[in-house]
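Read through the structure below, which is laid out as structure tokens, and then see the notes.
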Amino acid sequence: MDTDTPLIRLEGVKRYFGSGDTEVRALDGVSLTIRSGEFVAIVGQSGSGKSTLMNILGCLDRPTGGTYCIRGEDIAHLDADDLAALRRQTFGFIFQRYNLLSSITATENVEIPAVYAGLSTAERREKATALLNRLGLSDRGGHTPNQLSGGQQQRVAVARALVNDAEVVLADEPTGALDSGSSDELLGLLEELHGSGRTIILITHDHAVAARAQRMIELKDGRVISDTGTSDARPAQEAPYRHARSGPSFVGQMIESVKMAFRSLRANLFRTALTLLGVIIGVAAVVAMLAIGQGSQREVMSRFESMGSNLLFVRPGAPGTRMRGDAIATLTLADADSLGELDNVLAAVPSRSGSATLRVGSEDYRTTIEGVSADWPIAQNRGLKYGTFFTKDDVTHRVGVVVLGTTTAGNLFDNVEGAVGQYVFLGGAPFEVAGILEEKGASSWGQDQDDVALVPITTGMMRLFGQSYLSSITIAVDDTDRISDTETEANELLLERHGTEDFQIRNTASILESVQDTQNSFSILLGSVASISLLVGGIGVMNIMLVSVSERTREIGVRMATGARRSDILMQFLIEALVVGGLGGIAGVLIGFGVCFVLSVNGMPVAVTVMPAILAFTSAMVTGLVFGLLPARKAAHLDPVTALASE
């Protein structure tokens, strides 16, 4: 590179704000050259354009017109990330109001530019500590800005400007908030930095301060009205930013963003807790609701399956008939015998039901009486607790025997086991108790399945019911894979026997499928209701993140001025939203499991599985990502100058 190429060159630079009658010409054709190694003071009264000039020199703003070149390269050709790299690796800013982040320590404030330069934690900590020691703050590195005096805060700002070995130090009214002693100390430090080879550009309205520089440029109404000329300039050096680090790696950026996220959340614990609460409630609701829905589904399905998944139910009456099955005389015992001879049929159990009063001594008890065949235990997959079931011979010879459910037996006998072999009077005739059924409990519709008395179907028709037709026929098939074929064969057989379709056949597989579909819909409904809570929590995340962006606008400006790219800012706020979603998700899952445990202890059917928890946690993370995107984009696209001027 030509050694005569100046470090900084401005030609006819203009910066206008507004338009028409409201147009403000902050800079109106400024031309100047600054060479490497100069100590320049830009002086002027308020409104002269010096702060606007500093923003353009530091690549925080772009000129409306004219040319601004750094080492011969026009910055007009650089995009936002290129300008961020230029600020990070060439310029160090010392602001009048220090612009230190209040939630982190002095050392961490100094490290900020090094974070965006891609230095490791150890490297930047070493450099920050060395700079603070050099500036007389060796014992103040662990203090936050509000624990430091104004002069100490300004020295921290100087250390931050130097941590990336900036070639150019831009100081904007650095003595404006300091007493005379601190001002002299700071100016002496700037002279020392100049002596070490750095280019110093000092912005001030105080001519006495400007006199400490070796060159003074005075502005008025956006124009240069005087320039003492170049003095003590050093030869131009190769631009350091061309060879410096390009920024942090993606992994490094992620790690730093997570650290910053926790610092930010810790700084506003109450607000963070309220934000987390919305996500926690949503996630816990999803976990608990899905567990309840799944538990209810399993409970209902298990009860239906306990009836047998290999059954066909034949009811009297044409399809669509609403009359009670036992009031329609279309099914007979001969139909049951014929169905029992079909291939793949284990048993075809005829049934006739009614109600009657049973008597033992002076005890009366009214219950459901059901006449069935000896194959009833096969079809119902139900055993006996005591005694035996009646036999086919009992059915053939119309023997007066009865098998009782435990509820019925318990209401008639003090000793249920001792009931076997005893007699009960049923329909005025004595029936011997052959056995006691094993307990079944309540059905899915609440009926007590143990409150029943079973008699041979032939005996019941002759002594109890007074009718020779059936309420239903239950067919148990051998191979459930062929149940549909068996259903078709049974349908054809009955059509052939009856000559008309005066019956209905239902397949338990289709019933189970229908019930399962209903339960799935119920689970989806519960999950959808719970998801609304998660959505509300997500809106809360977005709202809080938008508030956070507004409150931290100046922080964003500081990060941009120290070299943060838009992607760095975007990732930082996205990570904060993800951290909120993640923390809320973990807490919500744990609370959801706790709710499920309490419900299960209290007898509610709950099915806790890993998948709903994973789904809920993932939903929380996605919620944080989606609802954090808008605030993050808003933060990433803030104008650095506007952000730094924010109160």
**Request:** Give the residues of the stretch 582-607 that are more than 22 Å from the chain's Cα centre (by Cα) and closer than 9 Å to ALA288 by Cα, sorted by residue number.
**Result:** VAL606
**Message:** For the stretch 90-147, give me the residue count where each residue is under 23 Å from GLY188 (Cα atoms) and of a type in the set (Val, Ile, Thr).
**Reply:** 5
**Request:** Taking MET1 as meeting all but one of (1) modelled with pLDDT of 90 or more; (2) outside any strand (DSSP E or B), write down the number of the exception.
**Result:** (1)
**Asked** Out of all the residues in the stretch 114-149, which are under 24 Å from ILE255 (Cα atoms) and among the acidic types (Asp, Glu)?
**Response** GLU123, GLU126
**Message:** Among (1) surrounded by fewer than 17 Cβ atoms within 10 Å (Cβ to Cβ); (2) within 23 Å of GLY441 (Cα to Cα); (3) of a type in the set (D, E, K, R), there is one condition ASP375 misses while meeting the rest; what is its number?
**Reply:** (1)
**Message:** With the requirement that a residue be in contact with a strand residue (DSSP E or B) (Cβ under 9 Å, 6 or more places away or on another chain) and either buried (at least 23 other Cβ atoms within 10 Å of the Cβ) or without any contact (Cβ under 8 Å) to a residue 40 or more places away in the chain (or both), what does the stretch 170-189 give you?
**Reply:** LEU170, ALA171, PRO174, THR175, LEU186, LEU187
**Item:** Sole exception among (1) of a type in the set (Gly, Ala, Ser); (2) on the phi < 0 side of the Ramachandran plot; (3) surrounded by fewer than 18 Cβ atoms within 10 Å (Cβ to Cβ) for ALA114, by number
**Value:** (3)
**Conditions (1) of a type in the set (D, E, K, R); (2) part of a strand (DSSP E or B); (3) within 25 Å of GLN89 (Cβ to Cβ); number of the one not met by ASP61** = (2)
**Asked** What do you reckon, is THR508 modelled with pLDDT under 90, under 15 Å from ALA379 (Cβ atoms) and crowded, with 20+ Cβ neighbours inside 10 Å?
**Response** yes
**Which listed residue, of THR406, THR480, THR396, THR391, is surrounded by fewer than 19 Cβ atoms within 10 Å (Cβ to Cβ) and under 54 Å from the mean Cα position of the chain (by Cα)** = THR480
**Message:** Need pairs with beta-carbon distance below 7 Å; first residue in contact (Cβ under 8 Å) with a residue 12 or more places away in the chain and within the stretch 479-500, second surrounded by 15 or more Cβ atoms within 10 Å (Cβ to Cβ) and among the aromatic types (Phe, Trp, Tyr); sequence gap 6+ or separate chains.
**Reply:** LEU494/PHE503
**Asked** So which helices (runs of 4 or more DSSP H) stay within the stretch 563-647 end to end and still have 2 or more residues that are over 22 Å from GLU256 (Cβ atoms) and out of contact with any Gly (no Cβ under 9 Å at 6 or more places or on another chain)?
**Response** 566-601, 610-636
**Residue check for ASP206: touching a residue at least 24 places away in the same chain (Cβ under 8 Å), surrounded by fewer than 21 Cβ atoms within 10 Å (Cβ to Cβ) and over 18 Å from LEU132 (Cβ atoms)** = yes
**Message:** I'd like to check something: does the stretch 433-454 contain any residue that is under 21 Å from LEU333 (Cβ atoms), among the aliphatic types (A, V, I, L, M) and without any contact (Cβ under 8 Å) to a residue 12 or more places away in the chain?
**Reply:** no
**Request:** Sort out which residues of the stretch 484-493 are crowded, with 21+ Cβ neighbours inside 10 Å and in contact with a helix residue (DSSP H, G or I) (Cβ under 9 Å, 6 or more places away or on another chain), and write them in order of number.
**Result:** ALA490
**Request:** Confirm whether THR623 is of a type in the set (Ser, Thr, Tyr) and closer than 30 Å to TYR116 by Cα.
**Result:** yes
**Message:** Tally up the residues in the stretch 418-429 that are surrounded by fewer than 12 Cβ atoms within 10 Å (Cβ to Cβ) and either at pLDDT 90 or above or touching a Lys or Arg at 6+ places or on another chain (Cβ under 8 Å) (or both), please.
**Reply:** 1
**Request:** Tell me which residues, restricted to the stretch 304-326, are modelled with pLDDT under 60 and farther than 23 Å from ARG482 by Cα.
**Result:** ARG322, MET323, ARG324, GLY325, ASP326
**Message:** Among the residues that make up the stretch 513-523, is at least one of them surrounded by fewer than 23 Cβ atoms within 10 Å (Cβ to Cβ), at pLDDT 75 or above and either closer than 20 Å to MET254 by Cα or more than 31 Å from the chain's Cα centre (by Cα) (or both)?
**Reply:** no
**Prompt:** Does any residue of the stretch 327-342 turn out to be surrounded by 16 or more Cβ atoms within 10 Å (Cβ to Cβ), at pLDDT below 75 and not aromatic (Phe, Trp, Tyr)?
**Reply:** yes
**In the stretch 591-647, the residues that are of a type in the set (Phe, Trp, Tyr) and under 16 Å from LEU570 (Cα atoms)** = PHE627
**Asked** When you scan the stretch 348-396, how many residues do you find that are without any contact (Cβ under 8 Å) to a residue 24 or more places away in the chain and outside any strand (DSSP E or B)?
**Response** 6
**Request:** Quick one: VAL598 ticks every box in (1) closer than 13 Å to VAL287 by Cα; (2) free of Cβ contacts under 8 Å to residues at least 24 places away in the same chain except a single one, so which number is it?
**Result:** (1)
**Message:** So, ALA128, is that one in contact with a Gly (Cβ under 8 Å, 6 or more places away or on another chain), closer than 24 Å to ARG554 by Cβ, among the aliphatic types (A, V, I, L, M) and at pLDDT below 90 or not?
**Reply:** no
**Of the criteria (1) outside any helix (DSSP H, G or I); (2) surrounded by fewer than 22 Cβ atoms within 10 Å (Cβ to Cβ); (3) in contact (Cβ under 8 Å) with a residue 24 or more places away in the chain; (4) not aliphatic (A, V, I, L, M), which one ASP139 fails** = (3)
**Prompt:** Got a sec? Which of PHE91, PHE17 is free of Cβ contacts under 8 Å to residues at least 40 places away in the same chain and under 20 Å from ALA645 (Cα atoms)?
**Reply:** PHE17
**Prompt:** Just checking, how many residues over the stretch 105-136 are within 27 Å of SER567 (Cβ to Cβ), assigned to a loop (DSSP other than H, G, I, E, B) and not aliphatic (A, V, I, L, M)?
**Reply:** 3
**Prompt:** Would you pick out the residues in the stretch 445-481 that are in contact with a Pro (Cβ under 9 Å, 6 or more places away or on another chain) and outside any strand (DSSP E or B)?
**Reply:** ILE457, TYR469, LEU470, SER471
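The values are calculated or read from the model by the stated rules, or taken from the named source; none is laboratory data. This structure is a prediction, so every number in the text was calculated from the model and none was measured. We place every Cβ from the backbone using ideal geometry, glycine too, and count neighbours over all the protein chains shown.
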